1. Provide L139, L106, L113 ordered by accessible surface of protein heavy atoms (probe 1.4 Å), highest first.
2. Averaging the inverse of every distinct alpha carbon separation and then flipping it gives the Kirkwood radius. What is it for the stretch 102-148, in angstrom units?
3. Show me the ranking of peptides 33-39, 167-173, 132-138, 120-126 by mean Cβ neighbours inside 10 Å, starting with the highest.
4. Using θ = phi - 60° and the Karplus relation 6.51 cos²θ - 1.76 cosθ + 1.60, list the HN-Hα couplings for the stretch 4-15 in order, rounded to whole Hz, with x at every Gly or Pro.
5. Quick check on my link table: of K54/K137; K54/K161; K18/K138; K43/K124; K28/K161; K54/K124, which ones sit more than 25 Å apart, alpha carbon to alpha carbon?
6. Please report, in debye to the nearest 20, how large the charge dipole of the stretch 45-121 is about its Cα centre when each Lys and Arg carries +1 at its beta carbon and each Asp and Glu carries -1 there.
7. Using a 1.4 Å probe on the protein heavy atoms, what percent of the accessible area of the stretch 1-81 belongs to carbon and sulfur?
8. On average, how much accessible surface per residue is there in the stretch 54-129, in Å², for a 1.4 Å probe, leaving out ligands, DNA and RNA?
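The values are calculated or read from the model by the stated rules, or taken from the named source; none is laboratory data. Since the model is a prediction, treat every value here as computed from it, not as a measurement. Note: ideal-geometry Cβ built from the backbone for every residue, glycine included; neighbour counts use all protein chains shown. Surface areas here come from the heavy atoms of the whole protein model, side chains and all, with no ligands, DNA or RNA. Shrake-Rupley method; radii C 1.70, N 1.55, O 1.52, S 1.80 Å.
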Amino acid sequence: MNETIKVLESRRSCRDFKQEQIPEDTLKEILEAGTYAATGMGKQSPIIITVTDKKVRDELMEANRKAGGWAEGFDPFYGAPVILIVLANKDVPTYVYDGALVMGNLMNAAESLGVASIWIHRAKEEFESDFGKKLLKKLGIEGNYEGIGHCALGYAKSPAKAPAPRKENYIYCI
């Protein structure tokens, strides 16, 4: 079987990460793959913010926890040491789809390099809040951006579960 197809079939969301940091060269490969996602009319509306600083990661986690309505102490990033935040320019009509494709590329690239991942939502809410606006300003990011998702990355504490059987009638042919 083709190696790309194997990666697509084997990738699973991880909900229990080791604290071990991802090597910088591996992280760069994952990020580069994200930049090659298809985008509407080639406009490349998304941006990726990489968070490896534990203090900032924990602040982001707390903002996400609050946005999700979880109890204090819950980590919606499941202990992942690296968080990639995908935002996209709302002035581009395909921005949500563009950002979603970047997220897919990031997760599949991570899988191909032995790094576990999970898509965490609520980036939209975070970056509409004062916290998110301040973070963008601190980074010098200007524009009409909306949070699409967080790609939490790290090494899994345990092997991924087997995939669920594919549902019947997934594919229709004409």
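1. Numbers: L139 90, L106 0, L113 65 Å².
Ranked from most to least accessible, the order is L139, L113, L106.
2. Working: mean 1/r = 0.0820 Å⁻¹.
12.2 Å is the Kirkwood radius here.
3. Details: 33-39: 17.6, 167-173: 5.3, 132-138: 14.3, 120-126: 19.3.
Descending packing order for the listed peptides: 120-126, 33-39, 132-138, 167-173.
4. Going residue by residue, I get 5, 4, 4, 4, 4, 7, 9, 5, 9, 6, 9, 10 Hz, with x marking Gly and Pro.
5. On the way: K54/K137 20 Å; K54/K161 28 Å; K18/K138 29 Å; K43/K124 21 Å; K28/K161 27 Å; K54/K124 21 Å.
The answer is K54/K161; K18/K138; K28/K161.
6. Details: 6 positive and 9 negative charges, 7 e Å.
It works out to roughly 40 debye.
7. Values: 2550 of 5020 Å².
Ligands and nucleic acids excluded, carbon and sulfur give 51 percent.
8. Working: 3210 Å² over 76 residues.
Per-residue value: 42 Å².
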